[in-house]
Amino acid sequence: MTPVPSFAVLLLIMPTLVAQTSDFRNTNWGMDRSQVVATEAKPPSQIREGGGEIVLRYESARIAGLDCRVVYIFAKDKLVRAKYVFQQDHNGKNDFLADFTMVDAFLMGTLERATEQRVSWRNDAYKMEPRNYGLAVSLGQLLYSTQWKGKRTVVTHALTGQNGAITHEVEYVSVDLEPWEDQITKEQEAPSSNAPIQTAAAP
């Protein structure tokens, strides 16, 4: 039997390697819950179900040197979205801006060129006071975000706030499954066609 040249073996392997490229961590969009759980070393710390949605949460991960939790979101048991939610707690709210800058630099080094970067003021009360920008974020007056739009995934890095609390997260969304998730959400919100019809009592 004639031996197969090494370069031919490489060509046979390459399609398999391409097919195994992950969308988020070690997962691909459309995986079911059991498949996603199998990719993580530990069981989820929290599972929430309702309205056709399943949410899995894992507590221990690190991105750009910062501790974060991992969140997987399923619609009808198909993975459609995922997030890294950072868990830092700072005394000075401007320190969250430093975290955002560090994670943004990390993502720019691992993803393609960003398609959108925004610094949005909803209330410019602190616009002339950089020392209070973190406070403005915590009050919902200032939003930072960077977005990358790929063929399969949209990645959004955001720093937002409300009622004095700041949320720092990176969200990954399936391009192909987002419309399907929206449809399921609308179906869950719509009144059931099987609901009894109530008629007014006769006078």
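Hey, could you check the range 126-182 for residues that are assigned to a loop (DSSP other than H, G, I, E, B) and more than 19 Å from the chain's Cα centre (by Cα) and say which is farthest from ASP67 (Cα to Cα)? Among those that are assigned to a loop (DSSP other than H, G, I, E, B) and more than 19 Å from the chain's Cα centre (by Cα), it is MET128.
The lone criterion from (1) basic (Lys, Arg); (2) within 22 Å of the chain's Cα centre (by Cα); (3) farther than 27 Å from SER22 by Cβ left unmet by ARG122 is number (2). Answer yes if at least one residue in the range 66-80 is loosely packed, with under 14 Cβ neighbours inside 10 Å and in contact with a Cys (Cβ under 9 Å, 6 or more places away or on another chain), and no otherwise. There is no residue in the range 66-80 that is loosely packed, with under 14 Cβ neighbours inside 10 Å and in contact with a Cys (Cβ under 9 Å, 6 or more places away or on another chain).
Screening the range 21-78 for strands (runs of 3 or more DSSP E) wholly inside it with 1 or more residues that are at positive phi returns the ranges 46-50.
Determine whether the range 53-64 contains at least one residue that is farther than 27 Å from GLY134 by Cα and at pLDDT below 95. Scanning the range 53-64, I find at least one residue that is farther than 27 Å from GLY134 by Cα and at pLDDT below 95, so the answer is yes. Among the residues of the range 20-67, those that are more than 26 Å from ASP104 (Cβ to Cβ) and in contact with an Asp or Glu (Cβ under 7 Å, 6 or more places away or on another chain) comprise ASP32, ARG33, SER45, ILE54. Please verify whether LEU111 is touching a Phe, Trp or Tyr at 6+ places or on another chain (Cβ under 6 Å) and surrounded by 20 or more Cβ atoms within 10 Å (Cβ to Cβ), treating the condition exactly as stated. So LEU111 fails the test.
For the range 139-179, the candidate set comprises residues that are out of contact with any Gly (no Cβ under 8 Å at 6 or more places or on another chain) and of a type in the set (Ser, Thr, Tyr); within that set, the residue that is surrounded by the most Cβ atoms within 10 Å (Cβ to Cβ) is TYR172.
Determine, yes or no, whether LYS83 is buried (at least 16 other Cβ atoms within 10 Å of the Cβ), within 18 Å of SER22 (Cα to Cα) and of a type in the set (Lys, Arg). In short, yes. Annotation: ASN91 fulfils all but one of (1) under 15 Å from the mean Cα position of the chain (by Cα); (2) surrounded by fewer than 20 Cβ atoms within 10 Å (Cβ to Cβ); (3) not in a strand (DSSP E or B); the unmet one is (1). Sub-9 Å Cβ pairs linking a first residue in the range 95-110 that is part of a helix (DSSP H, G or I) to a second residue that is modelled with pLDDT of 95 or more and of a type in the set (S, T, N, Q), at least 6 apart or interchain, are PHE96/SER138; PHE100/THR146; ASP104/GLN117; ASP104/THR146; LEU107/THR146; MET108/THR146, ordered by first then second residue.
Give the residues of the range 38-54 that are surrounded by 17 or more Cβ atoms within 10 Å (Cβ to Cβ) and β-branched (Val, Ile, Thr), sorted by residue number. ILE54, the sole residue that qualifies.
When the residues of the range 70-94 are filtered to those that are in contact (Cβ under 8 Å) with a residue 24 or more places away in the chain and of a type in the set (D, E, K, R), which remaining residue is farthest from VAL175 (Cα to Cα)? So, considering only residues that are in contact (Cβ under 8 Å) with a residue 24 or more places away in the chain and of a type in the set (D, E, K, R), the one farthest from VAL175 (Cα to Cα) is LYS93.
The values are calculated or read from the model by the stated rules, or taken from the named source; none is laboratory data. Only a predicted model underlies this, so the values are computations on that prediction, with no experimental measurement involved. As a convention, Cβ positions derive from the backbone with ideal geometry for all residues, glycine included, and neighbour counts pool all protein chains shown.
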